[in-house]
Structure formats: structure tokens, C-alpha cells
């Protein structure tokens, strides 16, 4: 079984500031790791994912996350945020090779970017 | 770009009534999922469905829940006798074959049980 902990429920930042959203996981098997974003009144959209290979993964809109196996973390970062990045961010894991590939989510982090 | 759709967007029902939540997954996808999010809590897995049968279900998915793929396009979640604690946002998701493929989520159905 897997579990995910997002350490910050709310993160307020000013526009153009850097941000880090923290995610830690636990699992008895190897995992795939995901960050999903939810804008108001919309569904969950995949932001980026780690499957294998390079531990640093990037999204098309400037976010990046680094898989750290020793610390069982997958923190999300962006060097300079925009107002439009305001949303809820969910970290999720699935077990490698598990039947059905269920996703286990963290509690979510509300990122609010202020002008 | 193809997307997962869900109907209705909102549903209000009385405790004890049956509800059916509908989803249209992306057309070439083979795996289908239901998740729910109770207000203020995390998104929780309910069930996965592949090859016309349940492949995995959580402890939440008890006998009052059922899923069906009645035709080639729809995927439904039925709650037989709703309880107050079933009030939540229900998300449908789908993906192609393989464990690495991304799950694509619909916009959700907000269910309120009174």
C-alpha cells in the first residue's frame, strides 16, 4: 500500500516569487509519482510525472519536480509564479506493476499567487 | 483534444435514493476509474475497471456501489441507497493500456445527499 503526505495545506506567495510545494510518500514497492493541478470548477489535470530515468522532471509551464528516493520525496518547484498558477495541487503515487494502477493522493496544497 | 466528460455536474438527492453518475471516457482508453473527494478531504480511489470487470476496488466500494459499462462509450457508477456521507465530488478517469500511462480525469459530479 502507498500513502502520500503534502506538508502544506495552503501556500500564499507573491507574483514572480519562487515556490516549493512539498510531497512525501511511503510505499512497500517502487512507485510512479505524479503532480496534478485543479483549477476552480475543473477536473484534475496532469502537471508532470516521474516514471523512471532522470529524477528531475519538468512541465511545459515552468514547474519542475525532483524524485528523491532516499528522502521519499517529490517536491514541486517553480522559480517564478504567475497569478494564473493559483490552483490546488495534488501529489499522487501508483505502485509499479500493481493491478489497475490506482492513484493514491495527498491532501492537496492550495497555491494562491497574490499581485 | 479528447477529454473525459461527466454528467450531471451537480446532483441533489434524498437519503436512501439511488443515483447513477455517468462518464464518457476517452474513446481509445481501456482502463476506467472512479474516485471521490469529500469536501475538505483528499481524493480517494473507489474502483478500477478493465475488460468489462472490476480489476481493483477500495474498502469504500461496498455493496451499495456498482459500476457498469452498458455500451461502448459510457461508464457509470451507481449508488444504490445513498447516505449522507456519500456527499462528495465524484471523479471519473480513464487511461490507455500499460501501467505507466496517464490517467485523464473528468470535471467531476458534485453529489449532495440530504
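Residues in the stretch B:1-20 that are in a loop (DSSP other than H, G, I, E, B), over 20 Å from residue B:83 (Cα atoms) and either in contact (Cβ under 8 Å) with a residue 24 or more places away in the chain or in contact with a strand residue (DSSP E or B) (Cβ under 8 Å, 6 or more places away or on another chain) (or both): how many?
If we filter the stretch B:1-20 for residues that are in a loop (DSSP other than H, G, I, E, B), which is where we start, we get B:1-4, B:8-9, B:14-18.
Okay, now just the ones that are also over 20 Å from residue B:83 (Cα atoms), so B:1-4.
Within this subset, residues satisfying the condition of being either in contact (Cβ under 8 Å) with a residue 24 or more places away in the chain or in contact with a strand residue (DSSP E or B) (Cβ under 8 Å, 6 or more places away or on another chain) (or both) are B:2-4.
Total satisfying the criteria: 3.
Would you say residue B:87 is away from chain A (no Cβ under 14 Å), touching a strand residue (DSSP E or B) at 6+ places or on another chain (Cβ under 9 Å) and under 26 Å from residue A:110 (Cα atoms)?
The answer is yes for residue B:87.
What single numbered condition from (1) surrounded by fewer than 20 Cβ atoms within 10 Å (Cβ to Cβ); (2) closer than 23 Å to residue B:105 by Cβ; (3) modelled with pLDDT under 95 fails to hold for residue A:86?
The one condition residue A:86 does not meet is (3).
Every residue in the stretch B:102-114 that is surrounded by 18 or more Cβ atoms within 10 Å (Cβ to Cβ) and either in a loop (DSSP other than H, G, I, E, B) or modelled with pLDDT under 95 (or both), please.
Across the stretch B:102-114, the qualifying residues are B:103, B:104, B:105, B:106, B:107, B:108.
To keep it simple, each residue is scored yes or no on (1) at pLDDT below 95; (2) within 14 Å of another protein chain (Cβ to nearest Cβ).
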| position | (1), (2) |
| --- | --- |
| A:6 | no, yes |
| A:22 | no, no |
| A:43 | yes, yes |
| A:69 | yes, no |
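Being more than 14 Å from every other protein chain (Cβ to nearest Cβ) and either touching a helix residue (DSSP H, G or I) at 6+ places or on another chain (Cβ under 7 Å) or assigned to a strand (DSSP E or B) (or both) is the requirement here; does residue A:47 meet it?
no
Look through the stretch A:74-106, keep the residues that are over 22 Å from residue B:56 (Cα atoms) and in a loop (DSSP other than H, G, I, E, B), and return whichever of them is nearest to the other protein chains (Cβ to nearest Cβ).
Within the stretch A:74-106, the match that is nearest to the other protein chains (Cβ to nearest Cβ) is A:86.
The values are calculated or read from the model by the stated rules, or taken from the named source; none is laboratory data. Source: prediction; values computed, not measured. Using ideal geometry, Cβ is built from the backbone for each residue, glycine included, and neighbour counts are taken over all protein chains shown.
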